[in-house]
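Taken together, the values in this text are just the output of simple stated rules run on the coordinates, not laboratory data. Model, not experiment: these values are computed from the prediction. Glycine gets a Cβ as well: all are built from the backbone with ideal geometry, and neighbour counts include every protein chain shown.
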Amino acid sequence: MEKKLGYLWVKEKIKLDSELEKEMQHHWRNLIAVVNAYLQLKEEKRRNLRAEMQRTVTEHLEELEKISQKLEKIEGAEKLNVKLKEILIIIKEMKFDSQEREDYSLQKYREEKFSRLKDLIV
């Protein structure tokens, strides 16, 4: 799945300059790896990693939002940018910044969001 995610702009046949492409690949891969890893952890380990996950997800989300702003200026990148923004919203909705107790409903909610995320990307 990571390969498909990392090359979304290739699928959309959008030519990005090499610097923007490297930047997008880096943050995209890291963000998806963090989300994927989080969903695969056992519940007790999730609690221990919440702060680190929150920091990492937030960092990559912020960078991808900056990339989204750059994409707005690239002709033909509208469809990619709309998809990227939708994906970023879903990841934000996964509530990695939640200070709530990690409960079953929140876990299920995140899994549903991630499933929707996969549907958008593949």
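Computed from the C-beta positions of residue 119 and residue 29 and an R0 of 22 Å, the FRET efficiency is 0.70 to the nearest 0.05. Between residue 61 and residue 17, full extension at 0.36 nm per residue minus the direct alpha carbon distance yields a gain of 13.8 nm.
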